[in-house]
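Q: Before I ask anything, let me first share the structure, which is written out below as structure tokens.
The values are calculated or read from the model by the stated rules, or taken from the named source; none is laboratory data. Predicted model only: the values in this text are computed from it and were never measured. Every residue, glycine as well, gets a Cβ built from its backbone with ideal geometry; the counts of neighbours run over all protein chains shown. All accessible areas refer to the heavy atoms of the entire protein, side chains included, with ligands and DNA or RNA removed. Shrake-Rupley method; radii C 1.70, N 1.55, O 1.52, S 1.80 Å.
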Amino acid sequence: MLVDLATGHDRVRALVARGGAELTAAAEQAEAEAEARRAGVPDAYGGAYFGEGRDAAGDRQGRSGYARYDRVASNADIAGWLLWRNFRVATSLDVGCATGYLVEVLRERGIDAEGCDLSRFAVEHASPGAAGHTRVANLFAGLPWADGHFDLVTTLEILEHLPPDRVPVALAELARVCGGYLYATIPSFGPNRSGPDGHFEGKVRPERLAHYHDLGPDYRGPVPQADLAVDAEGELVEGHLCIASFEWWTERFAEAGFVRCVEVEERLYADIAPADLAPFWNLYVFRLDGADPAVVEPREPERTLAELGLSHPLLDT
């Protein structure tokens, strides 16, 4: 009966189409959230995590999440300009995009950027330049894009939120939608081939730090959950479930078909050094077989990001 009614009336047909699209979107969102819970991902990324009801001056009182979450505090401009300068791509996907500030910056730089996040709150509060280009999705339910759809896939401070045993599934899905290169930042410890070594401080319970330092540089992790640092509310710091070494992460990416691009990483560390971010951004660059090396030829390598036009408080000191 509904089909017959819609067939004869343009307005009814439009209402049915819109209702169907909304139901499909709701089903996809529910499946993304349900699958994340089944995978053990904390259900803690609502308004409070992004600074709602907190002291915007910066006092988090030892709690996880942000005191203030905006384009400056998230360092999105630095990340966006870093990617634009070092990856000559037309399309990108930011997995774990939060409110989409990186998507916004990349779109301003001429890249057709999209984003997805598990947090319904974040997507519903997308930044103006990212509105309409972010959606709720997660790696375990499957991302709603075709194989190899994006020239560049990014995932910043996201993978450490996953249970270690589910990391291979997540990386396989990243590899599926990636058409060439992947950029990630992941809190890591131990020796780093391309930049500053990682550390255990802030990641491991203080009373267990000496134990992990005594394990030496060959320890790869992941650190057992019982030894992970907790916040003032007794929850895992920032919801981090997987704290491991640079080499552990490199091996997991290799199992998913990625090859680490150490020389590109070295260049990126040099780019963010003026902002004093190199010790804090444990960054990785990977490529898939067949990726075009011309993609990672930097724009105007003789100039700094600031000389190219980047403006940010960390560069003004």
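Q: In whole Hz and in residue order, list the ³J(HN,Hα) couplings for the range 199-211 that follow from phi through the Karplus curve 6.51 cos²θ - 1.76 cosθ + 1.60, θ = phi - 60°; x for Gly and Pro.
A: Per-residue couplings from phi come out as 8, 9, 4, x, 10, 10, 3, x, 6, 10, 4, 4, 4 Hz.
Q: Amide H neighbours of A113 under 5 Å, at least 5 residues apart or on other chains, H built in the peptide plane: list them.
A: S92, R107
Q: Using packing as a proxy for protection, rank 296-303, 162-169 so that the peptide with the highest average count of other Cβ atoms within 10 Å comes first.
A: Values: 296-303: 12.5, 162-169: 17.1.
Order by mean packing, descending: 162-169, 296-303.
Q: Over the range 203-317, what percent of the accessible surface lies on carbon and sulfur atoms, probe 1.4 Å?
A: Answer for the range 203-317 is 51 percent, counting heavy atoms of protein chains only.
Q: Provide the per-residue ³J(HN,Hα) series for the range 98-114, in order, calculated from phi with Karplus coefficients 6.51, -1.76, 1.60 and θ = phi - 60°, each as a whole number of Hz, with x at glycine and proline positions.
A: In residue order, the calculated couplings are 6, 7, x, 4, 5, 4, 4, 5, 5, 5, 5, 8, x, 9, 7, 9, 10 Hz.
Q: Which order do D276, D289 take by accessible area at a 1.4 Å probe, largest first?
A: Working: D276 105, D289 130 Å².
Descending order: D289, D276.
Q: Can you give the log10 of the normalised intensity I(q)/I(0) at q = 0.10, 0.14, 0.18 Å⁻¹, computed with Debye over equal Cα scatterers of the range 213-306?
A: -0.41, -0.75, -1.03
Q: Quote the charge dipole size of the range 268-317 about the Cα centre in Debye, to the nearest 20; the model charges only the Cβ of Lys and Arg (+1) and of Asp and Glu (-1). Please report the intermediate quantities before stating the final value.
A: Working: 3 positive and 9 negative charges, 21 e Å.
Result for the range 268-317 is approximately 100 debye, rounded to the nearest 20.
Q: How far, in nm, would the chain grow between S311 and D276 when pulled straight, counting 0.36 nm per residue and subtracting the alpha carbon separation?
A: Details: separation 35, 0.36 × 35 = 12.60 nm, distance 1.47 nm.
Value of the extension gain: 11.1 nm.
Q: Separate question: What does the highest-first list of 242-251, 199-208 look like by mean Cβ count within 10 Å? List each step's numbers first, then the result.
A: Values: 242-251: 22.1, 199-208: 16.1.
Averaged packing, sorted descending, gives the order 242-251, 199-208.
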